[in-house]
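The values are calculated or read from the model by the stated rules, or taken from the named source; none is laboratory data. Keep in mind that this is a model prediction, so the values were computed, not measured. Glycine gets a Cβ as well: all are built from the backbone with ideal geometry, and neighbour counts include every protein chain shown. With ligands, DNA and RNA removed, areas are computed over all heavy atoms of the protein, side chains included. Shrake-Rupley method; radii C 1.70, N 1.55, O 1.52, S 1.80 Å.
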Amino acid sequence: MEARAYLKYARIAPRKVQIVLDLIRGKDAQLARAILKHTPKAACEPLEKLLNSAVANAENNFNMDKNNLYVAECYVCPGPTLKRIRPRAQGRAFRVLKRTSHVTMVLKEKEQAERRR
């Protein structure tokens, strides 16, 4: 049994989100929340909301115990890129790519054998 949560069209580049996701992958939900709270990265705030949403989905939709949840999977895919123009010298224009991200987080419940450790 697994609980999923999605964050779509987040206005942050996937490379920046991936760095933070690597920190929490495989960790307990409570430890992952603490890591996100105390890591000084721009991606942490939306990812913390996403983690809270995934925990709420697990509790309410699947009757899972929130104390036994861990981050089983988390990955980011690039969303649509917003293309903007930046004026430059001598009438030229440079393109600015404002990247977006689609983030998926999957929580699972620990097995009995893992809980005893």
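Descriptive notes on the structure:
- Against the conditions (1) at positive phi; (2) touching a Phe, Trp or Tyr at 6+ places or on another chain (Cβ under 8 Å); (3) of a type in the set (S, T, N, Q), residue 63 satisfies every one except (2).
- Cβ separations smaller than 7 Å between residues 6+ apart or across chains give the following pairs from the stretch 62-82 residues that are of a type in the set (S, T, N, Q) to residues that are open to solvent by 60 Å² or more (accessible area, probe 1.4 Å) and modelled with pLDDT of 95 or more: 81/97; 81/98; 81/99.
- The residue pairs whose first member lies in the stretch 84-113 and is within 22 Å of residue 68 (Cα to Cα), whose second member is open to solvent by less than 70 Å² (accessible area, probe 1.4 Å) and assigned to a loop (DSSP other than H, G, I, E, B), and whose beta carbons are closer than 9 Å, counting only pairs six or more residues apart or on different chains, are 107/64; 108/64; 109/64; 109/65.
- Looking only at the stretch 58-77, and only at residues there that are surrounded by 13 or more Cβ atoms within 10 Å (Cβ to Cβ) and under 15 Å from the mean Cα position of the chain (by Cα), the one that is farthest from residue 22 (Cα to Cα): 70
- Residue within the stretch 34-51 that is in a helix (DSSP H, G or I) and polar (S, T, N, Q) present: no
- Within the stretch 20-33, the residues that satisfy the criterion of being under 25 Å from residue 111 (Cα atoms) and outside any loop (DSSP other than H, G, I, E, B) are 21, 22, 23, 24, 28, 29, 30, 31, 32, 33.
- The set of residues from the stretch 5-19 being among the aliphatic types (A, V, I, L, M), surrounded by 15 or more Cβ atoms within 10 Å (Cβ to Cβ) and in a helix (DSSP H, G or I) comprises just one member, 17.
- Test result for residue 55, aliphatic (A, V, I, L, M), touching a strand residue (DSSP E or B) at 6+ places or on another chain (Cβ under 9 Å) and in a helix (DSSP H, G or I): yes
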